[in-house]
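The values are calculated or read from the model by the stated rules, or taken from the named source; none is laboratory data. Note that this is a predicted model, so its numbers are computed, not measured. A quick note on method: Cβ atoms are made from the backbone with ideal geometry, for glycine too, and the neighbour counts reach across all protein chains shown.
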Amino acid sequence: MLDETAPIITCPADITIDCRDIYTLNITGKATAKDNCDDKPIITYKDEVIAGDCEWECTVKRTWMATDACGNSSNCIQTILRTSVDLVKWALAEGPIELGRDWPYPSDNSDNFLSISAEAAQCLVDWLPGTDGTPRVIPNGHYNVDEGNCIPYEGLLDENGKITNSMLSEMLILAVNLRLNPEMVDIPLKELACTFHPIVYQHMRGTPTIGKMYTVGINYLGNVYGPNHQPFFKDAIRCINTAFKDRCEPIDTNSESVTAASLNKIVLPAISASEVIEILNVFPNPTSGVIYIDFNEPASQSILVRIYNIQGKVISEQKWDEALVGTLPFYLQEQPSGIYLVKAFIRSDMVLTSKVILTK
């Protein structure tokens, strides 16, 4: 008898996820399928971005397909909101992003100053990427952005809620990048695949670096230098951001040196779509220095544990060639505060993983 009945497929629920978890199926969910003659129909998926910018926030249509042994297939749709708001929250966790000039005078009228608090992460995600509008200074005044105030002054945003000041937009992106990757501060501009106008170097003493460029940008937004050369600095900062923009993509976890090339992607290593993922039990989380990894059941073979910093560099590694059970300590006291990824490799296709926050 010819089987012409397609499998019955059930999609996982629509979901909002951290942008880096788009291929982590134990977070996004997996489709299931039943078939009248094939007890294990093949399940695949295909993603399509239908709205937004996935560097900050986008909507992904995930089409799941189940195919049985006779070639009959059926599909269903899952909608995923992929957002970088958690990354931005981490960037803001150490304090507000402050741009422009904040003079120590009793009147706010002398300021050209914008402060974005830790509660305003979603505002920042909604604003970016900005338009290619005219670069200009922050308007005269002292402006604070928090959870209840995403529009601190008139003219900041266009009708779509995007920043119209291209200089401010690029500086906000650079500020987030620097918070997530402090090592960027000392990278010389000459290491970047960018062509800078000579005027860009006039306010930087010694070796021009990304950090010095950021300081100059703050002064331009604060109307310290005037508007004449802002387009050149906007283009320079945009080129830097282009080199470091892949916040939500996996990076080379074998990289050991910090250079422009090794930091061209700036997030924790993601999990391969082919890996079977389970959550690793790590505590306390957040931690002030020591974490404990709990293996509830003995492994049938060797285990490799690696801890990655936010640049994807392995900062601690230990391997056991025998079955383990119990709680194992790892010491992070020598590491700076930040976000870390713990991976336990059980076999070639099984990985236990957990994100850890270190605070001091």
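Just wondering, is there one or more residues in region 45-61 that are over 20 Å from the mean Cα position of the chain (by Cα), not charged (D, E, K, R) and not in a strand (DSSP E or B)?
no
If you go through region 22-44 one residue at a time, how many are surrounded by 15 or more Cβ atoms within 10 Å (Cβ to Cβ) and not in a strand (DSSP E or B)?
Looking only at region 22-44, we keep the residues that are surrounded by 15 or more Cβ atoms within 10 Å (Cβ to Cβ), and these are 22-25, 27-29, 31-33, 35, 38, 41, 43.
Those left that are additionally not in a strand (DSSP E or B): 22-25, 27-29, 31, 35, 38, 41.
Result for region 22-44: 11.
How about region 130-172: which of its residues are assigned to a loop (DSSP other than H, G, I, E, B), without any contact (Cβ under 8 Å) to a residue 60 or more places away in the chain, touching a Pro at 6+ places or on another chain (Cβ under 9 Å) and within 21 Å of V216 (Cβ to Cβ)?
Hits for region 130-172 are T134, N165.
Just need a number here: residues in region 1-21 that are more than 30 Å from the chain's Cα centre (by Cα) and buried (at least 18 other Cβ atoms within 10 Å of the Cβ).
Adding up the residues that qualify gives 3.
When region 340-360 is examined, which residues are found to be outside any strand (DSSP E or B) and either at pLDDT 70 or above or aromatic (F, W, Y) (or both)? Before you say what the answer is, go through the steps one by one.
Let us first name the residues in region 340-360 that are outside any strand (DSSP E or B), namely 348-349, 359-360.
Answer for region 340-360, where residues must be outside any strand (DSSP E or B) and either at pLDDT 70 or above or aromatic (F, W, Y) (or both): T359, K360.
Those residues that are under 20 Å from T207 (Cα atoms) and aliphatic (A, V, I, L, M), I need them from region 176-191; list them, please. Full working, then the answer.
The first filter runs over region 176-191 and keeps only residues under 20 Å from T207 (Cα atoms), leaving 178, 181-191.
Hits for region 176-191 are L178, M184, V185, I187, L189.
Suppose we filter V224, V216 for residues that are of a type in the set (A, V, I, L, M) and part of a loop (DSSP other than H, G, I, E, B); which single one remains?
Working: V216 fails: part of a loop (DSSP other than H, G, I, E, B).
None of the others qualify; the one that does is V224.
Got at least one residue in region 178-201 being in a helix (DSSP H, G or I), of a type outside the set (D, E), touching an Asp or Glu at 6+ places or on another chain (Cβ under 7 Å) and within 19 Å of R136 (Cβ to Cβ)?
no
Could you check, for region 58-79, whether at least one of its residues is touching a residue at least 60 places away in the same chain (Cβ under 8 Å), surrounded by 14 or more Cβ atoms within 10 Å (Cβ to Cβ) and within 27 Å of G338 (Cβ to Cβ)?
Checked against the condition, which is being touching a residue at least 60 places away in the same chain (Cβ under 8 Å), surrounded by 14 or more Cβ atoms within 10 Å (Cβ to Cβ) and within 27 Å of G338 (Cβ to Cβ), region 58-79 yields no hits at all.
Does W90 satisfy the condition of being within 30 Å of I9 (Cα to Cα), crowded, with 17+ Cβ neighbours inside 10 Å, of a type in the set (F, W, Y) and in contact (Cβ under 8 Å) with a residue 40 or more places away in the chain? Show your work before the answer.
On the way: within 30 Å of I9 (Cα to Cα): no; crowded, with 17+ Cβ neighbours inside 10 Å: yes; of a type in the set (F, W, Y): yes; in contact (Cβ under 8 Å) with a residue 40 or more places away in the chain: yes.
So W90 fails the test.
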